[in-house]
Each structure stands twice: as C-alpha cells, then as structure tokens.
1. Across the stretch 103-130, what is the number of residues that are loosely packed, with under 11 Cβ neighbours inside 10 Å, in the same structural domain as residue 59 (by TED's automatic domain parsing) and under 16 Å from residue 41 (Cα atoms)?
2. Mind checking which residues of the stretch 84-97 are touching a strand residue (DSSP E or B) at 6+ places or on another chain (Cβ under 9 Å) and surrounded by 12 or more Cβ atoms within 10 Å (Cβ to Cβ)?
3. Among the residues of the stretch 62-83, are any touching a residue at least 60 places away in the same chain (Cβ under 8 Å), crowded, with 16+ Cβ neighbours inside 10 Å and in contact with a strand residue (DSSP E or B) (Cβ under 8 Å, 6 or more places away or on another chain)?
4. Only one residue in 34, 56 is exposed (fewer than 12 other Cβ atoms within 10 Å of the Cβ) and within 16 Å of residue 104 (Cα to Cα). Which one?
C-alpha cells in the first residue's frame, strides 16, 4: 500500500535507480546480523503444510554469499546421513523468521565450494574468537 502512495513521487524522478532504492528500502528486513562466509548459523524458516504454519530450524555453514541489495542470498551447506545438502536463502524473505550465528570461522576465501569435495574431519573450519 505504501508503494502506491509513493507512485506520485516516482513520476517526476529521472532515474530508475532512485525508484529501485525506494522500493528496496520499503521491503528490506533491517534486523539482519553481520553474516560472513564460514559462519555456522541456525535459520528459522516458515513452512506451510496444508493450513498450518510452523517454523523449521535449519543449521549449516555459509559457503557463499551474494550481495545484491534486496536480493541478498546465502548458501547453507550441511551433511545429513552422509549426503551433502545445500540450500540458497533470500535473507530479506518474509519466510525467514530468525537468524542465529552459532560459530564464526577463520577463512581466507570468498566462496567455500571446496568443502563439497571433502568429507569427515577435512570439512572442519578453524574457529575465530573475536
């Protein structure tokens, strides 16, 4: 509804960049923690099953992060029963209810795709204490 009220302001704008920034500022979730690649996080994701809605906790290591304004995404990796599972989450999505950082790791890469080929103790990351 707010977007419709602001449409009159956009008519006089010369730049589409200002339009995009205003729309993104209305829809962004401003309470995001400082997430970095290598962090172990627990996400609370809203799941709708029939007419019921519940929050499912997902835990894993952030192996990649894409900074694109409101399209900020992270890729979470976790190994369950010997099978590696990766999921991409939009951080400004209304389905994402909570984000908790469990552990920070010391890394030297922007993307941790090399963890896909490793197993067991080789997937451990050195913890950062600051």
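1. 0
2. Listed by number, the residues that qualify are 84, 85, 86, 87, 89, 90, 91, 93, 95, 96, 97.
3. no
4. 34
The values are calculated or read from the model by the stated rules, or taken from the named source; none is laboratory data. For clarity, every value in this text was computed on a predicted model and none was experimentally measured. Glycine gets a Cβ as well: all are built from the backbone with ideal geometry, and neighbour counts include every protein chain shown.
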